[in-house]
1. Looking at segment 228-264, which of its residues are over 24 Å from Phe200 (Cβ atoms) and of a type in the set (Phe, Trp, Tyr)?
2. Considering only segment 13-37, state which residues are closer than 20 Å to Ile125 by Cβ and surrounded by fewer than 16 Cβ atoms within 10 Å (Cβ to Cβ).
3. Of all residues in segment 273-305 being free of Cβ contacts under 8 Å to residues at least 60 places away in the same chain, aliphatic (A, V, I, L, M) and assigned to a helix (DSSP H, G or I), which is surrounded by the fewest Cβ atoms within 10 Å (Cβ to Cβ)?
4. Does Thr82 meet the test of being open to solvent by 40 Å² or more (accessible area, probe 1.4 Å) and either modelled with pLDDT under 95 or not in a loop (DSSP other than H, G, I, E, B) (or both)?
5. Working only within segment 38-56, note down all residues that are exposed (fewer than 13 other Cβ atoms within 10 Å of the Cβ) and farther than 17 Å from Arg120 by Cα.
6. Pairs under 9 Å by beta carbon, first residue more than 18 Å from Gln107 (Cβ to Cβ) in segment 42-58, partner among the hydroxyl-bearing types (Ser, Thr, Tyr) and open to solvent by 30 Å² or more (accessible area, probe 1.4 Å), six or more apart or different chains?
7. Report yes if Ser156 is open to solvent by less than 40 Å² (accessible area, probe 1.4 Å) and under 30 Å from Ala54 (Cβ atoms), otherwise no.
8. Just the residues that are open to solvent by 50 Å² or more (accessible area, probe 1.4 Å) and either touching a strand residue (DSSP E or B) at 6+ places or on another chain (Cβ under 6 Å) or assigned to a helix (DSSP H, G or I) (or both), please, taken from segment 107-131.
Amino acid sequence: MSLKESSEAIFSESPGKIALRSLRKDKRARISLAILGVIVFLSLTAPLYSHFIAHTDPFESTLDATIMVNGITTPVLEASTTGLGLGITPIGPTWNLSHYFIGADSQGRDVLARLFYGGRSTLFIGVSSGLLCLLLSLLIGIISGYYRGWVDAIFSRVLDIIWAFPVYLLAISLSVVLLTSGLSLGFIHLGPGSFALPIFIIGVVYVPYIARPIRAQVLALRENDFVRAAVGSGAKNSTIIFREILPNIIPSLMVFIPIIVALSMLTESALSFLSIGVQPPAASWGTIINDGLGLLYTRPMVGIAPGILIAFTAASLNLYGDAVRDALDPKSRARGD
């Protein structure tokens, strides 16, 4: 193939295919996806590990349970031998996958099994609330930026009100109120222990941070020649939005997805650590850190292990977000080439 033909082949590719090819070559994307894949796989296989390997129920307290360690019958919870000898000390890491690999918590529950189940909760809430935030932000940003006028003024003031509160302060306030009474919207009722509550709270508090950039991008697109030509030709507003506006916003949304999911996951962990997120007997990485707070000096792995998983997951999502941004940015691709 001649140089001219290869150049024509390259330039005949769509921007999406070029970005996808660039993303596949990016080492950051491959590494981050591998880490995320392992974490998601372990979380999804939590029931299999608990039932077939650990043979334990990670949600049931086992205060008088015993296990065999090196041929010796050992209680899962022992009387404390530190200080005044008050309280109990859970068994430490056995480094045996069949029982208490990284030890037990103060209720005698297998920490590794709870970690896997906690990953299911944290990742589910993080992804769901992130997608809810993106959907609300997309609707508000497009409607506000395209129609402008009084519609834009109303949406902008609502976003300003939400933005006036610090994220965690607003999330904590909403969680405290809704966890006591639940949420009722017409025929929809969410109980205090429902996962839908933290999903709704986290999804709402981050809307201004995504809706504002989308609105600004729509305002800029609204003045472009191809949009004006569509308006002049008598095209419907819905046609202009879906055929002209939305395709040009999708690259920005692709960049926002891993970032907002990481933020949502961190927020959920913080709320659960404060006991106003996921409620017992359910587990999340935040609740496990809270469980290990009183064991930091005797069994630190109870609190350290979920913190490590949170750090790895958030770092991988941000790393993948950077790779997606560079793949969709022609200037970054040109510098890389």
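The values are calculated or read from the model by the stated rules, or taken from the named source; none is laboratory data. Keep in mind the model is a prediction, meaning the values are calculated, not measured. We place every Cβ from the backbone using ideal geometry, glycine too, and count neighbours over all the protein chains shown. Ligands, DNA and RNA are excluded from the accessible area calculation, which covers all protein heavy atoms including side chains. Shrake-Rupley method; radii C 1.70, N 1.55, O 1.52, S 1.80 Å.
1. Within segment 228-264, just Phe242 meets the criteria.
2. From segment 13-37, those closer than 20 Å to Ile125 by Cβ are 35-37; that's our starting set.
Listed by number, the list holds a single entry, Gly37.
3. Leu293
4. On the way: open to solvent by 40 Å² or more (accessible area, probe 1.4 Å): yes; either modelled with pLDDT under 95 or not in a loop (DSSP other than H, G, I, E, B) (or both): yes.
So Thr82 fits the description; yes.
5. Taking segment 38-56 as the starting set, the residues that turn out to be exposed (fewer than 13 other Cβ atoms within 10 Å of the Cβ) are 38, 41, 48, 51-52, 55.
The answer is Phe52, His55.
6. Ser43/Tyr117; Pro47/Tyr117; Ile53/Ser98
7. Values: open to solvent by less than 40 Å² (accessible area, probe 1.4 Å): yes; under 30 Å from Ala54 (Cβ atoms): no.
Spelling it out, it is not the case that Ser156 is open to solvent by less than 40 Å² (accessible area, probe 1.4 Å) and under 30 Å from Ala54 (Cβ atoms).
8. Kept after step one, since they are open to solvent by 50 Å² or more (accessible area, probe 1.4 Å), are these residues of segment 107-131: 107, 120, 124, 127, 131.
Within segment 107-131, Arg120, Phe124, Val127, Leu131 qualify.
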